[in-house]
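No value in this document is a laboratory result; all are computed from the given coordinates. Note that the coordinates shown come from a computational prediction; the quantities given were computed from them, not determined experimentally. A quick note on method: Cβ atoms are made from the backbone with ideal geometry, for glycine too, and the neighbour counts reach across all protein chains shown.
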């Protein structure tokens, strides 16, 4: 089903008319993700009416898929008891914890006290203690585990019991009597291996796992690297405490990519095209103001050369070119560094080697551009002084921009600041300023040297 | 195991000394993905020696994980017969087809003719016919399928048989006697539901699937949207022909994100920080040359105002500022459009509505920046003419850059060209040119109006 504007209008008419039959006809077969899209486009009140037509499990999934703003508005209409009974108890522990974490501490306690199953409540309380950027904050408590010394029969029986509680079964985890993670038993092995073979002979003990405090970006990269659909999470004692599923890891990967893209494009918030004008403006103004500040500094540098411009106005013609080339070269370098750090391909070699390499790349690109612009000015343009000034400045600016574009994000990364901050407008602004400084310095030199 | 430079050197020494015991000690427990990283850092000849220590299944997986260049060099050392027996026959059909597709048609035929199992060869030939950017090109033929009218016993038996051939079992597909896809039978249901219940009562018939010709970017987005670990693929008649697993979809998602990032940063090739200086330079020069061309056009525009600059050199001071602000605002707008199109959040509303919204955002941000720079020039800077010129130009440039930054990628998307092409240096260069045009036009007006 494609959720079109027409679909929404039709649905809203049926809700207003309380036409149960037609509403059910429209939404009965819809996936929770698509229903969430519908919910974000109708009023919280209409959403509340619509909810009575969706079964509890599905309704809980819809709530998970909603964006934070729509969820907040919707849940504000319900009592703590309703939230606990209708949503929290029907969700996987990680989704339940995520939703609860959006409430105040007090409201959290209130909702938790309304949960009937003490195991469910205790799982959620467990999860709430972890930082949302760590494996503990991403994992769910739902998993299937068996003890290594159990018989095959007992295992099959336990599997049935435990699987009934879990939405997606990917693997069976094998633990010892103290819950220490020993390995994984692929479902396939249970199917294929004859019943006489004991568990300890068929489970895999060389496995990838995460610790509760590992950063989620790292965990997601691991799952991607090793093609895993689920990753067990252990505590400091090596005890199995949860598992992370690939759908959550995919969201992390997308979020990381979106964040880098956003910083490169000069947005200070995670915005989407259909956000309000106010949010869109707010996300864009900070970096524009940084650019403004940089421009003022640039203006002050150029103003030092007022007389030179009056005599040689042709110097001014190439200001945008020099600024643009510095900006472009700097952004290219910084982007390569940031992507290299993100996908860990930028491991080998010392700091100084990387700068040296970048200097060489800058030299090569700078030479090509410098020769082109020199030729242009020499043959079509004004004077020989200008040709030399622009050519030499071009080479110098591209080289310095390349080195700065590598140096700054690498340095930020060393002191544990997100290197992606040094991409986009930041690096462009910096290189505009250094570019102007270099250009006019070389200009003064050239015009005094070559007569 | 972390693959360090030290580790590689140690391994190379052992390979040279043919110290089998030590080699095995080092690599025995390594994951194929990590082994591939090792392989990319040693010579093809050393890699060939190392291969004798790795079992066939694992060796095949290592080959899949290698980057294309390293794989080509490595496989060039082997005969078609060896490639078929040692790698192609030990791989999943999709990986085998991917590797084969890198060879010439002739070599492909040669390798295919050396494959002993005719089913394997026929699966690969099937897959090779699909475009690599479609679901058919991404899917594997390995899957578990059962007919809806089979008994539970027969199903369990078939499952055992089929699962033995497959690395990862996520779901059992249910088909009719003509192989038409009817639904999915989650493994969990088989575990949990009593044996007396017939299959037709427990399989899920509302499922998400892809057609062989669907673009992979769309397929990957679907899997992400609906949190799927595997997606069945059907042909034009609705017959089940393959399945796509989440690990391949994750790679597609990452590739799409990388490509958008790369275009935004002005790189014309997919490069990594550890690529050679030559490749890094080659990827960067095209957009630098575009910038160069733009700069020359800008220089020609400014040169029309030579006299004005000689009289009012202060006009030149703010050239970098106007250029930078146009560039930044344009990149912000285009980035929001490109991300919105990529994650499909940019669906609602007509073309003209989107432009109108962008114009409003540009107006708001432009006003803030214009007021700031006007105040700066009025209180600290030179004359009232300059203050008005820069302020008004700032507002106009930010608004026009915002609109262009929205209009161009949206238009490209309409005519089916990748909108991400209109981000980064392209939009910056365009806005530099229009910015200069606007700035000096307004300047001439202001200096003649205000005396």
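Determine, for A:400, A:196, A:122, the number of other Cβ atoms within 10 Å of each Cβ, and report the residues in order from fewest to most.
Numbers: A:400 22, A:196 6, A:122 14.
Lowest count first: A:196, A:122, A:400.
For the protein assembly as shown, what proportion of DSSP beta bridges, expressed in % and rounded to the nearest 5, is antiparallel?
On the way: 28 of 40 bridges.
Close to 70 percent.
What is the Cα centroid distance between segment A:233-280 and segment A:31-67, reported in whole angstrom?
Centre-to-centre distance over Cα atoms comes out at 23 Å.
Would you mind giving the mean number of other chain beta-carbons within 10 Å of the Cβ of each residue in B:285-294, as a whole number? Show your work: numbers first, answer last.
Values: counts 6, 0, 4, 12, 4, 2, 9, 11, 3, 5.
Per-residue shielding by partner chains comes out at 6.
With a point put 7 Å past each Cα toward its Cβ, work out how far residue A:179 is from residue A:268 in nm, to one decimal.
4.5
Provide the FRET efficiency to the nearest 0.05 for the residue A:204-residue B:56 pair, computing r from the beta carbons and using R0 = 30 Å. Don't jump to the answer; show the numbers that get you there.
On the way: r = 18 Å, r/R0 = 0.60.
Using R0 = 30 Å, I get an efficiency of 0.95.
Mind pulling the angle between the C-alpha long axis of helix B:319-342 and the longest principal axis of chain B? Nearest 10 degrees, somewhere in 0 to 90.
Approximately 30 degrees, to the nearest ten.
Using 1/(1 + (r/R0)^6) with R0 = 60 angstrom and r between the beta carbons of residue B:310 and residue B:255, what's the FRET efficiency to the nearest 0.05?
Values: r = 53 Å, r/R0 = 0.88.
So the FRET efficiency works out to roughly 0.70.
How many nm is it between the label spots at residue B:102 and residue A:165, if each spot is 7 Å from the Cα in line with the beta carbon?
About 4.6 nm, to one decimal.
Sort B:150, A:278 so the one with the fewest other Cβ atoms within 10 Å of its own Cβ comes first. Let's see the in-between values first.
Values: B:150 15, A:278 11.
Taking fewest neighbouring Cβ atoms as first place, the list is A:278, B:150.
Only bridges whose two residues both fall in chain A count here: according to DSSP, what percent of them are antiparallel, nearest 5?
In chain A, approximately 70 percent of DSSP beta bridges are antiparallel ones.
If you fit an axis through the alpha-carbon atoms of helix A:351-379 and take the longest principal axis of the Cα set of chain A, what angle between them do you get, 0 to 90°, nearest 10?
Roughly 50 degrees between the two axes.
If you put a point 7 Å past Cα along the Cβ direction, how far is that point for residue A:10 from the same point in each other copy, in nm, smallest first?
For residue A:10, the other copies' label points sit at 6.6 nm, shortest first.
Remind me, relative contact order of chain A in percent, using alpha carbon pairs under 8 angstrom and six or more residues apart? Could you put the intermediate results ahead of the total?
On the way: 580 pairs, mean separation 47.6, N = 451.
Answer for chain A is 11 percent.
From the helices alone, meaning DSSP H stretches of at least four residues, give me the mean residue ellipticity at 222 nm for chain A, per-run term -39500 (n - 2.57), in deg cm²/dmol to the nearest 500.
Numbers: 22 runs with 284 residues, N = 451.
Helix contribution divided over all residues of chain A: -20000 deg cm²/dmol.
For the pair residue B:48/residue A:278, report the inter-label distance in nm, with labels modelled 7 Å from Cα in the Cβ direction.
About 7.0 nm, to one decimal.
Is the C-alpha gyration tensor of segment A:172-231 telling us rounded, prolate or oblate? Criteria: a/c under 1.5 is rounded; beyond that, a/b larger than b/c is prolate, otherwise oblate.
In terms of gyration-tensor shape, oblate.
Subtract the Cα-Cα distance of residue A:158 and residue A:132 from 0.36 nm times their separation in residues, and report this length gain in nm to one decimal.
On the way: separation 26, 0.36 × 26 = 9.36 nm, distance 3.12 nm.
Computed gain between residue A:158 and residue A:132 is 6.2 nm.
Return the average number of partner chain Cβ atoms within 10 angstrom of each residue Cβ along peptide A:175-187.
On the way: counts 0, 0, 0, 0, 0, 0, 0, 0, 0, 0, 0, 4, 8.
Mean number of neighbouring Cβ atoms from other chains: 1.
Once R0 is set to 60 Å, what does the formula 1/(1 + (r/R0)^6) return for the Cβ-Cβ distance between residue A:378 and residue B:109, expressed as a FRET efficiency to the nearest 0.05? Could you put the intermediate results ahead of the total?
Values: r = 56 Å, r/R0 = 0.93.
Calculated value: 0.60.
Would you list A:7, B:380 from fewest to most Cβ contacts within 10 Å? Walk me through the numbers before you get to the answer.
Numbers: A:7 17, B:380 9.
Placing the least packed residue first, the sequence is B:380, A:7.
As a test, work out the antiparallel percent of DSSP beta bridges whose residues both lie in segment B:60-193, rounded to the nearest 5.
Details: 5 of 9 bridges.
Of those bridges, close to 55 percent are antiparallel.
Tilt of helix A:152-163 relative to the longest C-alpha principal axis of chain A, in degrees (0 to 90, nearest 10)?
Orientation of helix A:152-163: about 70 degrees from the principal axis.
Just subtract the alpha-carbon distance of residue A:13 and residue A:78 from 0.36 nm times their residue separation and send over the number in nm, one decimal. Each step should come with its number before you reach the end.
On the way: separation 65, 0.36 × 65 = 23.40 nm, distance 2.37 nm.
So the chain would gain 21.0 nm between residue A:13 and residue A:78.
Take peptide B:9-22, look around each residue's Cβ out to 10 angstrom, count Cβ atoms belonging to other protein chains, and average those counts. Provide the component values of the computation, followed by the final result.
Values: counts 0, 0, 0, 0, 0, 0, 0, 0, 0, 0, 0, 0, 0, 0.
Counting other chains' Cβ atoms within 10 Å and averaging over B:9-22 gives 0.
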